[in-house]
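A.B. asks: Please see the structure below; I have some questions.
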Amino acid sequence: MNRHFLLVLCLLVLAVVGYALFKYNVSARDTAKPPEIPADVTDPPIRKVIEAKRAAVVADPGSAKAWGELGMAFDAHERWDQSQACYEKAMELAPANAQWPFLLAEQLNWRRKVGTDKEEAVRLYGMAAERTPPTREHTWIATLSQADLLTELDRPDEAAPLYERAYKSDPTSPWAAYRMAGLLAGRGRMDDAIHIYQTLADNPYARKKSAVALAELHRRLGNGKDADGYERTAGSMPPDVPWPNPYANPVAELRRGRAVLTDTYFAQEREQDVDGVMATATALADQYPSVETQLLLLRAMINTRDFAAAVAVADDILRVDPSAITAHSYLGLARLGLADRAEAEGRKADADRLLAQAAEALGESVRLKPDYAPGHLYRAKALLRLGRLQEAEKSARAGVAARPEEWEVYLVLSDVLTAAGRKDEAVSAAEQAAKLAPPDERRPKQALEVLKK
């Protein structure tokens, strides 16, 4: 009887202790404190949206949705540490939800890019792919993102079956179809690859990429006429729209203040909206004065060929930050533009002075960053026009060493070697430029035609 009583008592004690531990764990989980808003988040629209999402977590600390949305608010405004902590908490609270591991993978893959983040992103994309997607539109997005990252990491054998699975399940997906066509082409199944690329001819996500791929395939097959036609088609098309990503849309919708203006700036730049770019850049520089916003204004001025104003803005930036590499580079480009005008107006002395100043500014950009290929490229162009061929060749070769995958540095090297009378070397450099240039880029081929006549 006593033994039975003791057994019952022990079971009761264990039950009480177990319940207490359960309540403690639940309490600890539900009272986890959300990250504080960093003191440097001072833009009122940004602070307001983060505060609202943080208040939702404080009100319901056991809500995965509240934690995830706070993570998105931090993510939208580049507060990576706080965002990651929130996404991880949301993953803990909702272990079947695909959204939070996907968004953390996106952050590690595209934005932070340090240490082992890429490998962790592969794992998180895989985790998201194994979970139930929020809607049908989300299906295969995680799988395709994981496959693209594996391809980037030079692991094509792991990426290929993921592309195949996505395409087999949804052949209407432009992302999956484009990648599948690439696989087929690599396996020598040219007709099948061409057929898929042709189905994407009117798809805004892949029409330009597909036209470029078709030109390359027809060139490999010896169909020069078809290849030329696809090259012309690709050259006349606007850039493709980024792959659809419904996971990322809610993050973009939370962007406020300076972030929205910055997004608008780059969207207008892609659309070649000259007036819009200048208006947005001016608003950014006025409302959020900093070296970064001044650089965007400077970039807009270069792209709209307002070179005199660009020189003034570059000088302002360099007074504040003499080590701003991009400012030195843009200053050089502005002076190159002014030299073009002086030369067109017959002011040879002014043109030469401006070219020398451009070479000096671009030289400073590569002194600060020796592998800065644009600085070497445009400095070589300025020196070539001044007839300083030895210096121009040195700059062009430094550009090739810094970015051997860029066709333009080979083309300017070819121009320098041509001016130096070294035709065979010039032809070799132009051939390399033609090999690396996009199919719709005609300048290297034109240079070769002139050299070989």
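No lab work stands behind these numbers, since they all come straight from the coordinates. All values reported here derive from a predicted model rather than from experimental measurement. For neighbour counting, all protein chains shown are included, and Cβ atoms are generated from backbone atoms with ideal geometry for every residue, glycine included.
A.B. asks: Could you sort the peptides 327-339, 440-452 by per-residue average Cβ neighbour count (10 Å cutoff), highest mean leading?
C.D. replies: Result, highest mean first: 327-339, 440-452.
A.B. asks: Calculate, in nm to one decimal, what D157 and R111 gain on full extension: separation in residues at 0.36 nm each, minus their alpha carbon distance.
C.D. replies: Going from the current span to full extension adds 14.0 nm.
A.B. asks: Percent relative contact order of region 405-453, based on C-alpha pairs within less than 8 angstrom and at least six residues apart?
C.D. replies: After rounding, I find 39 percent.
A.B. asks: In percent, what relative contact order does the chain have, based on Cα pairs under 8 Å that are 6 or more apart in sequence? Mind dumping the intermediate values first?
C.D. replies: On the way: 574 pairs, mean separation 32.9, N = 453.
So the answer I get is 7 percent.
A.B. asks: Just the projected area, averaged over all directions, of the convex hull on the alpha carbon atoms of the chain: how many nm²?
C.D. replies: With every direction weighted equally, the projected area is 30.1 nm².
A.B. asks: If one takes the longest principal axis of the Cα atoms in the chain, at what angle in degrees, from 0 to 90 and to the nearest 10, does the Cα axis of helix 291-303 lie?
C.D. replies: It works out to around 40 degrees.
A.B. asks: Could you sort the peptides 300-309, 420-429, 185-194, 395-404 by per-residue average Cβ neighbour count (10 Å cutoff), highest mean leading?
C.D. replies: Values: 300-309: 17.7, 420-429: 16.0, 185-194: 14.3, 395-404: 20.3.
Most protected by this proxy first, the peptides run 395-404, 300-309, 420-429, 185-194.
A.B. asks: What is the angle, in °, between the Cα long axis of helix 274-287 and the longest principal axis of the Cα atoms in the chain? Nearest 10 is fine, range 0 to 90.
C.D. replies: 60
A.B. asks: Pop out the ³J(HN,Hα) list for region 364-373 in order, Karplus 6.51 cos²θ - 1.76 cosθ + 1.60 with θ = phi - 60°, rounded to Hz; leave Gly and Pro as x.
C.D. replies: 5, 5, 7, 5, 6, 9, x, 9, 7, 4
A.B. asks: Under a cut-off of 29 Å between alpha-carbon atoms, report the lysines in cross-link reach of K452, not counting same-chain residues fewer than 8 places apart.
C.D. replies: K225, K381, K394, K423, K435
A.B. asks: Summarise the long-distance tail of P(r) for region 405-453 by giving the % of C-alpha pairs beyond 18 Å. Mind dumping the intermediate values first?
C.D. replies: Details: 194 of 1176 pairs.
Percentage above 18 Å: 16.
A.B. asks: What's the Kirkwood radius of region 280-388 in Å, using all Cα pairs?
C.D. replies: Hydrodynamic radius (Kirkwood, Cα pairs) of region 280-388 is 13.9 Å.
A.B. asks: Any chance you could give the angle, 0 to 90 degrees and rounded to 10, that helix 307-320 forms with the longest Cα principal axis of the chain?
C.D. replies: Computed tilt is about 50 degrees.
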